[in-house]
4 protein chains.
Amino acid sequence: MSFNTFGHMFRVTTFGESHGPAIGCVVDGCPPRLALTAEDIQRDLDRRRPGQSRFTTQRQEPDQVRIISGVMASEDAGVQVTTGTPITLLIENTDQRSKDYSDIKDKFRPGHADFTYEAKYGLRDYRGGGRSSARETASRVAAGAVARKVLAGVTVRGALVQMGPHKIDRDSWDWSEVDHNPFFCPDRAKVAFYADYLDGIRKAGSSIGAVIEIVAEGVPAGLGAPIYGKLDSDLAAALMSINAVKGVEIGAGFGAAELSGEDNADEIRMSNHGPVFQSNHAGGILGGISTGQAVVARFAVKPTSSILTSRRTIDRHGAETEILTKGRHDPCVGIRAVPVGEAMVACVLADHLLRHRGQVGG
Amino acid sequence: MSFNTFGHMFRVTTFGESHGPAIGCVVDGCPPRLALTAEDIQRDLDRRRPGQSRFTTQRQEPDQVRIISGVMASEDAGVQVTTGTPITLLIENTDQRSKDYSDIKDKFRPGHADFTYEAKYGLRDYRGGGRSSARETASRVAAGAVARKVLAGVTVRGALVQMGPHKIDRDSWDWSEVDHNPFFCPDRAKVAFYADYLDGIRKAGSSIGAVIEIVAEGVPAGLGAPIYGKLDSDLAAALMSINAVKGVEIGAGFGAAELSGEDNADEIRMSNHGPVFQSNHAGGILGGISTGQAVVARFAVKPTSSILTSRRTIDRHGAETEILTKGRHDPCVGIRAVPVGEAMVACVLADHLLRHRGQVGG
Amino acid sequence: MSFNTFGHMFRVTTFGESHGPAIGCVVDGCPPRLALTAEDIQRDLDRRRPGQSRFTTQRQEPDQVRIISGVMASEDAGVQVTTGTPITLLIENTDQRSKDYSDIKDKFRPGHADFTYEAKYGLRDYRGGGRSSARETASRVAAGAVARKVLAGVTVRGALVQMGPHKIDRDSWDWSEVDHNPFFCPDRAKVAFYADYLDGIRKAGSSIGAVIEIVAEGVPAGLGAPIYGKLDSDLAAALMSINAVKGVEIGAGFGAAELSGEDNADEIRMSNHGPVFQSNHAGGILGGISTGQAVVARFAVKPTSSILTSRRTIDRHGAETEILTKGRHDPCVGIRAVPVGEAMVACVLADHLLRHRGQVGG
Amino acid sequence: MSFNTFGHMFRVTTFGESHGPAIGCVVDGCPPRLALTAEDIQRDLDRRRPGQSRFTTQRQEPDQVRIISGVMASEDAGVQVTTGTPITLLIENTDQRSKDYSDIKDKFRPGHADFTYEAKYGLRDYRGGGRSSARETASRVAAGAVARKVLAGVTVRGALVQMGPHKIDRDSWDWSEVDHNPFFCPDRAKVAFYADYLDGIRKAGSSIGAVIEIVAEGVPAGLGAPIYGKLDSDLAAALMSINAVKGVEIGAGFGAAELSGEDNADEIRMSNHGPVFQSNHAGGILGGISTGQAVVARFAVKPTSSILTSRRTIDRHGAETEILTKGRHDPCVGIRAVPVGEAMVACVLADHLLRHRGQVGG
């Protein structure tokens, strides 16, 4: 991963600021002759779109995607397909009304990237967070929709598994529930609780963190490239690059620190369909290479930094001051990170699928 | 990070198997005219070397490093310095006696990369784990010693902060203690406890996981490159690439999921020496860019997979069988991960220092 | 250079097909706080634009560029400046009327990329050449205009030095002449001759090749990175990547094969302003690193493949057939390659300037 | 290509200086299960080795290669095979006697990289040219031998086609002749002439340039990646990166500038074995992608810069002086560039074979 591009064979470059004319991405290296329409991409974008419940920011953006390049109608296939050349996806910013930024233009909002962008570049685009806005993640979701086309036979799904200190009950996990509540929560019994809990936080002008889990099923054994192209290493980079993420773990994750060698070992038995692991503490990855089990990754999202409580800070001239961020924000920005996490995992897997095929064939 | 190379401007390629003639690395992109001797590198290697206490594997390797290229005696400087060309470091394998591998040659050891290497490549180097051996991390430590030369004014230190479920007392943190016990433990009061605890595990032929923390002080504000070259993203990739690591977190990490926005915000005040953050939940990184505070990263290491208890597995022909790994192994492989973690953080910071200077100057 | 991206620190990704909605590029890694407006870019684009004389294709495209991201109005600077984030430049295709492609849809035009795209991808975008259209070079010119901003103090200029077998007279070289004739010819006396010559070729429905020379003055000594990041190596890749280019040379180039060591050696004398080379057979590059002299590169452009004379070929079903390309085309596509060559050289130099500053500082 | 590494999937990193303990390379990304022994590599190295005739430098180096990593004896295959992990090749420098360098230590030899290394790095390894020594090309040849293993069915051969102004007669081209004369000359009738010509130059203490041609047969159609990963673009970079190369051309090359569109078009007919091109002005590449014809590249090598005639120069303190290079040198360094050029072409083709398989499969 380098600057605004990630991936080696399946390469994604994203661009754009929150309040410029548009954001988007270029997906390079995609195999040719895959069916791909704007609708395929729009479906995923709509899952990330804000303003769909009272628990996400009320910014109204249709997030309508246009395919600018890299596809054509195929007479042979009867549908629109990828051509093997760069696929450019453009999403116009429609909610970029000229707001009054005098409040935050010169002040560094704690928890945001204001101070660091200024420290690095000597200036920053204060309009809506500029490049560091969560809006950038729409480009990732769009790219992820293309990656899913590459990953025929692989299912990449995500869910919120913890909000504040409150974890879901893993025994109640139901994937079909995830898209039927505003939290991407797989535990139906927890939905009402989360609604009440988050309403309280929202009304207090506060915010809270969350943990998201992404599961990829159908990943063939053998993806990943030792030593510095390990599948888990690339997943860690990809998920940690999402705004507000502070931790990433694979399989047993930090819990593995407390396990004994006997408990941690995923024993193997043989079935008619090949090897069967008896557990999955490894999260589907051993030595940086996929085992054929489900790839399981989790990431922690910090609480939204924009809150209604005043915080002490300084301005760009070094004067001490205070700031509170007006307007409505996601009280738990982790919620909308679910489709973003799925997209990043899909992109990493697609990249490794092509890399593996390149080196080893098959 | 790609295959066996990582970094963009400060680029490290490692090579070698556990039981081949040698392992080593090529460090490319290092600035010229930095004083560098084999002794500088040996010092760090000696901290990682096995066989220094009863708590690490008894494999006896001097891990003697030779500088093959990239340095010359400078008459101007009066010392040996880097030339700006690739620095190659070679460590010969001296303990590669022809052991009897018939036990593990065909069996997949659970928790090890045996199954996945075979799945990927259609064969694997079963001698001592081949490329997936922890021995490869010596190359990282050697490269890290070069990175430290680039990082004048920056201190990168690590410590073990948890063994099994037992965490250190952070109020007792004493950096000067770390190099005076076999656990890299910064809490003097915990050393005897860890010794007893690990002796029990060792004698039972079992193993246990650990958590390591790396702290980099003196990192200037402004290092890191949005969006896919974020400093924390590159740290996550680098630390997750270390053998047996299953989780990485920055600053408050997974704990951030439980924080409110008010508590998580690191407020800023002004001092005579510039901005002063009142806390460091961010772990020294906001928006992927360093704040000038200490950069704080933690990673979880799973228990050693080689244990004396028999585990069920299959062999490469698909037959069900059992395996136990004879010989003495690190009962807590996390211990020796401390200098490795330091090295990876140093390499990432050196890379970002050069990348920042390239784009922005100064 | 990889797929649709080139450069390491100053990275350019281009996208788009001839007859899609738009083409464009993303310039990543550009230093912040450089003044940049759409007009700066438009100026260079206008030099490449077709339809400006009877000697270039009559396709009418305004090639109007929009900056989609990466700039903001700076109150400090009083002008629009780069922010350090990706600069996206978009050029809409306005001349994409639905032509009748039935003639070429299934036939492989000799000299074009029709056969090879089909061989590689199993399909091709036959509309106007798709991705292999010379129209893609507009994106390069746009990126090059940004690179020029990075290269303060460096002048990158190009000229046509040969059309068919007819070379200019180097003793008559006058840079001020280049922008005052339709051939970018620096030899005023040759202009009328070239006009007659090319009229003859154009009227015959034929085409002819050309040689272009690019000269960069003010390049500081020290740019370039041995061994596989040599400045001349990167220039060769960049210029050879331009459509229809079949050869690249630096300084004395192929002529160096005929020189003796004595004649080829550029002797050095000292002046008040530093070292002065007595000749420049090296073309400003020794050992892959700039000498401080003018960097001189030349490239050969083959004749336009679209001609009015029928050529034998096959169609995608393997049937033998013939084809001639109707419509008006550039009789000498090399002419418009001049601003493209300048842009590529500027991008490579900008990249090496940042890379050098990263590794060595200053 | 970046710094000391080139290639994307088949990646080569070289290291080492002329007078350090060793030179070598790391080949990363090589497919597993390819038979590979040191002898396979030695065969190619021996073709490049100096001291084999009076027409090359008399430096005596056995250039004995050792495989340090990346291979193992395969019981399944009964031979030593690649494992898919990095292949490290080491060649010790045995002729590094402590010569007296006082003559050249402070003086910049015209035509060499002395001045530019000093300008870039602030110091240089004056012993035998350090990193810029032609000795580095042995590492390329070693890597190329591995690449040939990847390229089953592809033949990569080279020949000297011009020495000074004297070109071979292409009608007399006989590949079987190439390895039977000291010039890699495919025109038997020219050998005696070249011997006399070069003896004259050698005895005069002078040197002369040359042109080398590399031909790869059996390359499947479809290799190459538009727009900045074009096969010809990567070949240009690879060949231009060889010491002393000043020009590269593909197919008709600079001659294409003088061709008409009719003459340049390679017409296509159909045969029982697929498409047959009627000529190969394209040099086997159209739009950056291989056509299935022979890939033909040529490069110009400047005369050896080390000559016995005194040349004017300056020293590192800025004082004007003169220098002549004693000792025996290659009077035509282009000769030994033949196996180097073959190796570079083989590496580029291997890389593109894996990249193509990654993106498109098959």
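Couple of notes before you dig in:
- Here segment D:193-272 is assigned +1 on the Cβ of each Lys and Arg and -1 on the Cβ of each Asp and Glu. Its dipole about the Cα centre then comes out at about 420 debye.
- Residue by residue along B:270-281, Cβ atoms of other protein chains within 10 Å of the local Cβ number 3 on average.
- On association of chains D and C, roughly 8600 Å² of accessible area becomes buried (total for both chains; probe 1.4 Å).
- Measuring with a 1.4 angstrom probe and ignoring ligands and nucleic acids, B:GLU39 comes out at about 110 Å² accessible.
- For chain C, the longest principal axis of the Cα atoms and the long axis of helix C:337-360 meet at an angle of about 40 degrees.
- In degrees, nearest ten, helix A:231-240 long axis to first principal axis of chain A (Cα): 10 degrees
- Over 30 Å (Cα to Cα) - which of A:LYS107/A:LYS203; B:LYS149/B:LYS203; D:LYS230/D:LYS302; D:LYS120/D:LYS167; B:LYS190/B:LYS246 fall in this group: B:LYS149/B:LYS203; D:LYS120/D:LYS167
- Surface calculation, 1.4 Å probe, protein heavy atoms: D:HIS8 sits at approximately 60 Å² accessible.
- Summed over the residues of segment A:81-190 and divided among them, the accessible surface reaches 36 Å² per residue at a probe radius of 1.4 Å.
- Taking one quarter of the surface of the convex hull spanned by the alpha-carbon atoms of segment A:264-310 gives a direction-averaged projected area of 5.6 nm².
- Spatial separation of Cα centroids for segment C:40-62 and segment A:13-30, in angstrom: 27 Å
- Percent of C-alpha pairs per 10 Å bin in segment C:83-228, short distances first: 8, 23, 30, 28, 11, 0.
- Across segment B:1-114, the volume of the C-alpha convex hull divided among the residues equals 135 Å³ per residue.
- Largest to smallest in accessible area, the residues D:HIS180, B:HIS112, D:HIS329 fall in the order D:HIS180, D:HIS329, B:HIS112 (1.4 Å probe, all protein chains included).
- In the distance distribution for segment D:68-121, Cα-Cα pairs more than 19 Å apart total 62 percent.
- Global form of segment B:185-294, assessed from the alpha-carbon gyration tensor, a/c cut-off 1.5: prolate
- The charge dipole of segment D:156-306, taken about its Cα centre with unit charges on the Cβ atoms of Lys, Arg (+1), Asp and Glu (-1) only, comes to about 520 debye.
- Dipole-positive endmost among B:PRO220, B:LEU235, B:VAL245 within segment B:196-272 (Cβ charges, Cα centre): B:VAL245
- Note on surface exposure: B:ARG316, A:ARG109, A:ARG188 rank A:ARG188, B:ARG316, A:ARG109 by accessible area, highest first, 1.4 Å probe.
- Three-way shape call for segment A:174-239 based on the alpha-carbon gyration tensor, with the a/c threshold at 1.5: oblate
- Label geometry 7 Å along the beta-carbon vector: A:LYS326 inter-copy distances in nm: 6.5, 7.7, 8.5
- Among residues of chain D, the one whose beta-carbon sits closest to the D-to-A rotation axis is listed with its distance in Å as D:GLY358, 1.
- Shape class for segment C:231-362, computed from the alpha carbon gyration tensor (a ≥ b ≥ c): prolate, with a/c not under 1.5 and a/b above b/c.
- Angle between chain D longest axis and helix D:137-150 axis [Cα atoms, degrees, rounded to 10]: 10 degrees
- Inter-part distance where segment C:94-155 and segment C:263-309 are each reduced to a Cα centre, Å: 29 Å
- Summing Cβ point charges (Lys, Arg +1; Asp, Glu -1) relative to the Cα centre of the protein assembly as shown gives a dipole of roughly 0 debye.
- Ranked from largest to smallest solvent-accessible area, with a 1.4 Å probe on the protein heavy atoms, A:LYS105, A:LYS120 come out as A:LYS105, A:LYS120.
- Chain A - Debye-derived log10 I(q)/I(0), Cα point model, q = 0.06, 0.07, 0.11, 0.13 Å⁻¹: -0.23, -0.32, -0.79, -1.09
- Computed with a 1.4 Å probe on the full set of protein chains, the accessible area for D:TRP175 sits at about 60 Å².
- Candidates B:THR83, B:GLY158, B:PRO303 compared by Cα position along the dipole of chain B: farthest toward the positive end lies B:PRO303, with charges placed on Cβ.
- Label distances, nm, C:ALA152 versus same residue in remaining copies, Cβ-directed 7 Å point: 2.5, 5.4, 5.8
- Teacher prompt: D:ASP103 distances to equivalent labels in other copies, 7 Å Cα→Cβ, nm: 6.3, 6.8, 7.8
- With only the Cα atoms considered, the protein assembly as shown has a convex hull volume of 168 Å³ per residue.
The values are calculated or read from the model by the stated rules, or taken from the named source; none is laboratory data. Treat the numbers as computed from the prediction; the structure is a model and nothing was measured. Cβ sites come from the backbone with ideal geometry, for glycine too, and all protein chains shown count toward neighbours. Please note that ligands, DNA and RNA were not included when accessible areas were found on the heavy atoms of the full protein model with its side chains. Shrake-Rupley method; radii C 1.70, N 1.55, O 1.52, S 1.80 Å.
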